[in-house]
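Data block below; observations after.
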Amino acid sequence: MKLMIISISIVICAYLCYSLFPTYIYKISYRQKKKNEEFFDKSIYLTFDDGPDKDYTIRLLDLLQEYNVKSSFFVVGTFALDNPDIIERMKNEGHSIGLHWYEHKSAMLQTPRMTKDNMNRGINALKEFGINTKLFRPPWGQFNLSMISEIKKNNMTPVLWDVMAEDWEEDTTTQIIKDKLINRVNNNDIICLHDGRGKNKAPLKTIEALREMIPNWLNQGYTFKTVGEKYER
């Protein structure tokens with residue numbers, strides 16, 4: 001019994017050191033950097049995860065084009081390869097494209113070998129479109145020690161967020177998403193939304209919320225920038 005307790009304790013400690021601690025350290029570090037930033041203009045950064053999706057991303061791109069808004073897409077490698085025309089449109093319309101791993105999996109459940117494979121395949125998937133991105137957002141904002149090593153090796157910049165609208169939730173509505181954006185967004189914030197996955201057509205609700213929020217933000221004097229402008233200067 002004592003041996004079992006010791007073994008379980010070792011596994012828990014290993015898990016904490018491998019993934020949980022790195023995740024929280026990165027998030028705390030990001031918040032601290034944000035506090036030290038100087039804001040010279042009234043800007044916000046729209047970012048979208050989990051796409052591209054043939055049912056939603058095209059509608060989103062149409063909306064962004066209508067208002068000449070540039071944003072940033074963190075794409076899943078497998079979805080990108082399945083939707084090459086959407087990736088090309090993102091490029092042609094001036095949006096930033098970052099990596100959201102080759103497959104949408106939790107870093108907390110990935111071995112070092114799986115982590116390296118997911119990163120390399122994702123990078124190579126984007127290279128097929130001539131995209132050599134240095135922007136990376138891990139699924140769910142979760143890190144592990146191997147991922148941190150891969151990020152440094154590939155000279156990538158991890159991009160987290162300041163505002164989350166929980167727009168993937170099954171019971172969310174357009175009004176709930178809109179209210180969260182109204183109450184949470186401030187100057188120089190990176191906003192994390194989703195143009196893929198999600199339950200009950202969640203991305204469609206996000207697009208409808210943005211249909212009202214984008215003109216509202218413009219009327220308030222906000223300008224929209226890409227995270228490429230922020231991190232790849």
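The values are calculated or read from the model by the stated rules, or taken from the named source; none is laboratory data. For clarity, every value in this text was computed on a predicted model and none was experimentally measured. All Cβ positions, glycine included, derive from the backbone under ideal geometry; neighbour counts span all protein chains shown. These accessible areas exclude ligands, DNA and RNA; they are computed on the full protein's heavy atoms, side chains included. Shrake-Rupley method; radii C 1.70, N 1.55, O 1.52, S 1.80 Å.
Brief remarks on what is shown
- Where a residue in region 24-38 is open to solvent by less than 100 Å² (accessible area, probe 1.4 Å) and its partner, wherever it lies, is in a helix (DSSP H, G or I), with Cβ under 9 Å and at least six apart: Tyr26/Gly141; Tyr26/Ile148; Lys27/Gly141
- Yes/no for Asn200 being in contact (Cβ under 8 Å) with a residue 24 or more places away in the chain, part of a loop (DSSP other than H, G, I, E, B) and under 14 Å from Lys42 (Cα atoms): no
- The criterion of being open to solvent by 60 Å² or more (accessible area, probe 1.4 Å) and among the polar types (S, T, N, Q) holds for Asn183.
- Test for Asn183: is it polar (S, T, N, Q) and not in a helix (DSSP H, G or I): no
- In the set Lys152, Lys91, Lys105, only one residue is open to solvent by 10 Å² or more (accessible area, probe 1.4 Å), farther than 30 Å from Asn219 by Cα, among the basic types (Lys, Arg) and not in a loop (DSSP other than H, G, I, E, B); that residue is Lys152.
- In region 155-172, the residues that are within 23 Å of Lys199 (Cα to Cα), exposed (fewer than 15 other Cβ atoms within 10 Å of the Cβ) and more than 16 Å from the chain's Cα centre (by Cα): Glu170, Asp171
- Within region 40-69, residues that are on the phi > 0 side of the Ramachandran plot and in a loop (DSSP other than H, G, I, E, B) sit with their Cβ atoms under 9 Å from residues that are modelled with pLDDT of 95 or more and surrounded by fewer than 23 Cβ atoms within 10 Å (Cβ to Cβ), at 6+ positions apart or across chains, in these pairs: Asn68/Phe224.
- In region 39-63, the residues that are crowded, with 19+ Cβ neighbours inside 10 Å and of a type outside the set (A, V, I, L, M, F, W, C): Tyr45, Thr47, Asp49, Asp50, Gly51, Pro52, Asp53, Tyr56, Thr57
- Qualifying residue in region 211-230 (condition: open to solvent by 20 Å² or more (accessible area, probe 1.4 Å), among the acidic types (Asp, Glu), part of a loop (DSSP other than H, G, I, E, B) and at pLDDT 95 or above): no
- Qualifying residue in region 157-171 (condition: among the polar types (S, T, N, Q) and out of contact with any Phe, Trp or Tyr (no Cβ under 7 Å at 6 or more places or on another chain)): no
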